[in-house]
Amino acid sequence: SAALIDGSTTLVAGYAGTIIKSSNAPLPVELVSFTATVRNNTVNLNWETATEVDNYGFEIERKDKNSTWTKIGFIEGHSTSNSPKYYSFSDNPTGSSKYSYRLKQIDNDGKFEYSGIVEVDLSGMLPKDIEIKNFPNPFNPETNINIKLPETAETTVELYNSTGEKIFTIYKGKLDVGTTLSLKVDGSNLPSGVYLINVSAGKYRKTHKILLMK
């Protein structure tokens, strides 16, 4: 189990009475993925957490090119959990333009953090190839990766260094066409330099460069 003592310190208890104190502790909620899918002009948002500590819940926010971020809903969190949790929310925006969505994760003490942003295009336009975007770039220590596919496929997203050595797998699973997959890359334990995001999806392959500057 883990106890968040303050904004920068966590006490972690393991087996046999082992207690580990962690400074610069990870955020209370570890968001694994955040996706947006459009069907019949309904936007379906889905996200997954790996662990949660004192998670009050998620506010869902939306904007388009003519508006600012607006709260459109709230989903209650699971407070504290060390197992995967799955969430979903559906939205029916009026109009036929591009919309952006993000999550505002709120702790029980009122502290909060925003997720990466996912976008949908209600005009029905699909990319002709794998589409990869990340922000910020350069980054330190985290960056958000957004991926869209031209067709549904089993998808693998991996991180490599500039010499072609695989660092780790970021995501592996089925990704539907019309879905925006939002992932977060944490470079806290990596040296500064150029890294490669490799995406394999069916017959499609694409590489995207990102720059970590500490």
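The values are calculated or read from the model by the stated rules, or taken from the named source; none is laboratory data. Note that the structure is a prediction, hence the values are computed from the model and not measured. We place every Cβ from the backbone using ideal geometry, glycine too, and count neighbours over all the protein chains shown. Heavy atoms of the whole protein, side chains included, go into the accessibility calculation; ligands, DNA and RNA do not. Shrake-Rupley method; radii C 1.70, N 1.55, O 1.52, S 1.80 Å.
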Counting only residues that are touching a residue at least 24 places away in the same chain (Cβ under 8 Å) and either hydroxyl-bearing (Ser, Thr, Tyr) or out of contact with any strand residue (DSSP E or B) (no Cβ under 8 Å at 6 or more places or on another chain) (or both), how many does the range 70-82 have?
-> 3
Looking at the range 182-204, which of its residues are in a strand (DSSP E or B), open to solvent by 10 Å² or more (accessible area, probe 1.4 Å) and not small (Gly, Ala, Ser)?
-> Lys184, Asp186, Val194, Tyr195, Leu196, Asn198, Tyr204
Out of all the residues in the range 125-135, is one or more in contact with a strand residue (DSSP E or B) (Cβ under 9 Å, 6 or more places away or on another chain), in a strand (DSSP E or B), open to solvent by 70 Å² or more (accessible area, probe 1.4 Å) and within 13 Å of Phe34 (Cα to Cα)?
-> no
Please indicate, with yes or no, whether at least one residue in the range 93-105 is in contact with a strand residue (DSSP E or B) (Cβ under 6 Å, 6 or more places away or on another chain), modelled with pLDDT under 90 and among the basic types (Lys, Arg).
-> yes
The range 83-109, residues that are surrounded by 14 or more Cβ atoms within 10 Å (Cβ to Cβ), among the acidic types (Asp, Glu) and farther than 25 Å from Asn66 by Cα = Asp107
Pick from Phe34, Phe74, Phe112: which is open to solvent by 40 Å² or more (accessible area, probe 1.4 Å), touching a Gly at 6+ places or on another chain (Cβ under 8 Å) and at pLDDT 90 or above?
-> Phe74
Those residues that are over 17 Å from the mean Cα position of the chain (by Cα) and farther than 15 Å from Tyr101 by Cα, I need them from the range 25-40; list them, please.
-> Ala25, Arg39, Asn40
When you look at Thr80, is it open to solvent by 60 Å² or more (accessible area, probe 1.4 Å), of a type in the set (Val, Ile, Thr) and at pLDDT 90 or above, yes or no?
-> yes
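Can you find a residue that is among the acidic types (Asp, Glu) and outside any loop (DSSP other than H, G, I, E, B) anywhere in the range 90-112?
yes
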